[in-house]
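In what follows, a single structure is set out as structure tokens and then discussed.
The values are calculated or read from the model by the stated rules, or taken from the named source; none is laboratory data. The structure displayed is predicted, hence computed values, not measured ones. Cβ placement follows ideal geometry from the backbone for every residue including glycine, while neighbour counts extend to all protein chains displayed. Areas reflect the complete protein model, heavy atoms only, side chains present, ligands, DNA and RNA absent. Shrake-Rupley method; radii C 1.70, N 1.55, O 1.52, S 1.80 Å.
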Amino acid sequence: MEVKEKSKKRELIKTIAIIFLAVLLVLTFFSNTIMNRSLPEVATGMVSSGTINAKIRGSGTVSANETYEVILNQTREVRSVCVKVGDTVSQGDLLFVLGDVESQELQDAQNQLQTLNIEYQKQLLNLSKEYATSDLSIKTLQEDLQKAIQQRDANVVTDAEISYAKGDLATAKNELTQIGLMVDELNAMLTDNEEYQEAQAAVTKWTQEVSSAETAVETYEKQLEKLQNGGSVDLDRQIADAKTALEKAKNTWRSEWLAYKSDLGALIEAVRNDGYSVTSINTGTDTPQEISGNNQVYIEAFLTKYVSPTPPTTGGGTGGEEEAEVQTSAAVNSSLSQDELQDYQTAYDALLSAQNDVASKQTAYDRLVDDQDIATGSASEQRRAIQRKLDEAESELRAAQRELRDAEDALEEADGANSALKDQIKLYEAAKREQDARIETLNNQIATLEEK
Amino acid sequence: MRKNYYLGRGLLTLVAVFFAFAFLMPTVLTISNSFMTQSEISANYGTVFSNAAGNTNTYISDTVNLKFIPDKVSLSQYITVLIKSPDYLLKFWNSVILVVPIVLLQVGVASITAYSFTRWRGKLRSFLFFFYVILMLMPYQVTLVPNYLVSDWLGILNTRWAIIFPGMFAPFSVFLLTKFMRRIPASLIEAAKLDGSSEWQIFKDICLPQCRSALYSIAILVFIDYWNMVEQPLVLLQDAEKQPLSVYLSTINANEVGLAFAIATIYMVPCLLLFLHGEDYLVEGIAHQGSVKG
């Protein structure tokens, strides 16, 4: 019955309406809950300080800020277009394919290529008995072929290529200057590496200590042996000898000092001006002043930097040549000439050797004087004393060796950094040379392009 | 003759189909575009809104593409409307809270008024009825300012009563119902009166059941009218949280076109359901307008 149908339909619609309203009511209350459940979980963190970036977000349609018109200097036919309106493109994408305009030169070169090819084939077929001459003619023809191909390739040249080449040249020159700056910076870093110099000073000091401790141990062991084999230690003569040697060394030092002290003073000044933190030495007095270990390091660094090595004697032959290749070029000091630097070098060397000589002789003499008391007393007492001294010397030696190892480790570390720097410098210099070569080729390219 | 007849019928059908398509197209567009992603919508309709906003930038396409079938069906717009935030749903409930009392109260008040118009035979009756008719013919904007002043004077300005009270006493339903109640034979009422029933009983037991179709049709029309009102809440309700969804839909901007489609689809549903429920009554009620008694 129609009425029943109608009421059924009405019932259905009533149900749908109630469901709809119920769903909306539920969603009104629980939409946020549902939303939160679908959010990703976040981690919490402690409060920390940072910078707040103010961001503004909006939405809109993106349009190009500027359009770039691709201008060709020649009329060429567009063979195909690879993108369509609305596409996103990125740098390097192919936009459209142009057809070649065949110039007359191109045609001529192609024709020439063909004829030469045919000739080459003919020559191949007509191999004469004189293989050498035919081979030579084949070779010349092949060369002609290559030349023709090159000409053809090279003829297809546009102004665009020239401008590209010029652009490349400019960028290459830029890069070259950058690399040059980098190399200079790294070189400066290399020479200023104070850590390295300090480590080196420590190593030298401890090596000396180790060697002196070793000699002390050796002497005591020998004395002990001598004692065991009988006989007492005769020190008096040794002390007298040591004393004379010491006096002699002191006199030499004094004379050297008087000769070179002004040079030393100027050298110290120059080294300080170069940025090293040398302590000053009183060059006004006549008594020789010691050059401290740190000063030695700085002075030596300064001298290696600026003094160009003297060329080896020509009598060395191949050996001398190898030496010359190994030496690196020295930097140029603006305020001092090479001669002055050479003088400073000699002065420093002389003073340093004299100083070291005195120091070693002094230690030897002191030790001998110390050991004089061993000469007195009975053999067993002597033996005991010498044994004691030997033990002391051995522990000193061990301590000195330990310190030497530490100093060597430190030096290695510093050297490691230094070597890294040196490697970098090498890389950069290689890059520089490459860049120079590249600039050369680019210049040549541009020249040939412009001729055409 | 036969050919003419079929030709005529065919032509008529064609015209009818054309008009049907023209009327249905916006609705179908809304529903199908509500399943599009925002990017597709701005690609297709970007020009419309951006040109309206005064932008002079050119867009990818200068024409508007009317797309009926989305390239990629996605429920992202619905998720934004229903789940992401309850704002839109709260506005929906605002609409419901405004409209349902209006409908119920208007139907109640109008039926009583109509009954009194049929039963009262005083001198002023025709004048009052004429007054009602004039009011019905006037557009709402004419009475907006007096409404505002009276609401302010009554102190109900920022509340929902500012909309419900004027809605309650609207003259349109009175007119319709009077017309309908006049069709009830007077003899029926006389008989009932003789049997000793009071006015209220006559009204409740005799008139109202007779007028059921009219009541239904009035309810539907009033519902649709007030479901779509925009200027009344804008003027009389100043709080943003009391605004109904129709107001929000009228203020969409270019960025939220997809969202507007989805909201409109959801907004359409109560009207559709109500109409489907009371379809027969509506047709009957309108058909009886001005038709022969009986």
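Failed condition for A:Arg57, given (1) more than 8 Å from chain B (Cβ to nearest Cβ); (2) of a type outside the set (Ser, Thr, Tyr); (3) over 48 Å from the mean Cα position of the chain (by Cα), with all others met? Result: A:Arg57 fails condition (3) only.
Just need a number here: residues in the range B:244-266 that are among the hydroxyl-bearing types (Ser, Thr, Tyr) and free of Cβ contacts under 8 Å to residues at least 40 places away in the same chain.
Of the residues in the range B:244-266, 2 are among the hydroxyl-bearing types (Ser, Thr, Tyr) and free of Cβ contacts under 8 Å to residues at least 40 places away in the same chain.
Output yes when any residue across the range A:206-229 is under 25 Å from A:Gln345 (Cβ atoms), in contact (Cβ under 8 Å) with a residue 40 or more places away in the chain, open to solvent by less than 60 Å² (accessible area, probe 1.4 Å) and among the aromatic types (Phe, Trp, Tyr), and no when none is. Within the range A:206-229, not a single residue is under 25 Å from A:Gln345 (Cβ atoms), in contact (Cβ under 8 Å) with a residue 40 or more places away in the chain, open to solvent by less than 60 Å² (accessible area, probe 1.4 Å) and among the aromatic types (Phe, Trp, Tyr).
The single condition among (1) open to solvent by less than 80 Å² (accessible area, probe 1.4 Å); (2) at pLDDT 90 or above that B:Trp153 does not satisfy is (1). Among all residues of the range A:43-53, there is none that is of a type outside the set (Lys, Arg), more than 9 Å from chain B (Cβ to nearest Cβ) and either under 30 Å from B:Glu40 (Cβ atoms) or in contact with a Gly (Cβ under 8 Å, 6 or more places away or on another chain) (or both).
Determine whether B:Phe169 is in contact (Cβ under 8 Å) with a residue 60 or more places away in the chain and open to solvent by 60 Å² or more (accessible area, probe 1.4 Å). Spelling it out, B:Phe169 is indeed in contact (Cβ under 8 Å) with a residue 60 or more places away in the chain and open to solvent by 60 Å² or more (accessible area, probe 1.4 Å). Among the residues of the range B:100-142, the ones that are within 21 Å of B:Pro233 (Cα to Cα), polar (S, T, N, Q) and surrounded by 14 or more Cβ atoms within 10 Å (Cβ to Cβ) come to 1 in all. Would you check which residues across the range B:5-41 are surrounded by 10 or more Cβ atoms within 10 Å (Cβ to Cβ) and small (Gly, Ala, Ser) and list them? Hits for the range B:5-41 are B:Gly8, B:Gly10, B:Ala16, B:Ala20, B:Ser32, B:Ser34, B:Ser39. Restricting attention to the range B:1-45, the residues that are within 14 Å of another protein chain (Cβ to nearest Cβ) and either in contact (Cβ under 8 Å) with a residue 24 or more places away in the chain or among the polar types (S, T, N, Q) (or both) total 8. Answer with yes or no whether A:Arg57 is modelled with pLDDT of 80 or more, open to solvent by 100 Å² or more (accessible area, probe 1.4 Å), of a type in the set (D, E, K, R) and outside the structural domain of A:Ser163 (by TED's automatic domain parsing). Answer is yes for this residue. Listed by position, the helices (runs of 4 or more DSSP H) contained in the range B:191-294 that have at least 3 residues being within 14 Å of chain A (Cβ to nearest Cβ) and open to solvent by 50 Å² or more (accessible area, probe 1.4 Å) are B:257-277, B:279-287. Before we move on, is B:Ala162 closer than 23 Å to B:Ile218 by Cα, in the same structural domain as B:Ile218 (by TED's automatic domain parsing), among the small types (Gly, Ala, Ser) and modelled with pLDDT of 90 or more? It is true that B:Ala162 is closer than 23 Å to B:Ile218 by Cα, in the same structural domain as B:Ile218 (by TED's automatic domain parsing), among the small types (Gly, Ala, Ser) and modelled with pLDDT of 90 or more. The single condition among (1) over 16 Å from B:Leu273 (Cβ atoms); (2) more than 7 Å from chain B (Cβ to nearest Cβ) that A:Ser31 does not satisfy is (2). Out of A:Val26, A:Val85, A:Val62, one residue alone is within 30 Å of B:Asn253 (Cβ to Cβ) and either assigned to a strand (DSSP E or B) or facing chain B (nearest Cβ under 9 Å) (or both). It is A:Val85.
Return a yes/no flag: does the range A:251-269 have any residue that is in contact with a Lys or Arg (Cβ under 9 Å, 6 or more places away or on another chain) and assigned by TED's automatic domain parsing to the domain that holds A:Ile386. No, because not a single residue in the range A:251-269 is in contact with a Lys or Arg (Cβ under 9 Å, 6 or more places away or on another chain) and assigned by TED's automatic domain parsing to the domain that holds A:Ile386.
If you go through the range A:253-262 and keep only what is under 44 Å from the mean Cα position of the chain (by Cα) and of a type outside the set (Lys, Arg), you end up with A:Trp253, A:Glu256, A:Trp257, A:Leu258, A:Ala259, A:Tyr260, A:Ser262. Among residues of the range B:149-162 that are over 21 Å from B:Ala240 (Cβ atoms), none has a beta-carbon under 6 Å from a residue that is among the hydrophobic types (A, V, I, L, M, F, W, C) at least six positions away or on a different chain. The residue list A:Phe20, A:Phe96 contains one member that is within 60 Å of the chain's Cα centre (by Cα) and of a type in the set (Phe, Trp, Tyr), which is A:Phe96.
Which residue, of A:Lys6, A:Lys14, is at pLDDT below 85, in a helix (DSSP H, G or I) and either within 14 Å of chain B (Cβ to nearest Cβ) or touching a strand residue (DSSP E or B) at 6+ places or on another chain (Cβ under 8 Å) (or both)? Unique residue meeting the criteria: A:Lys6.
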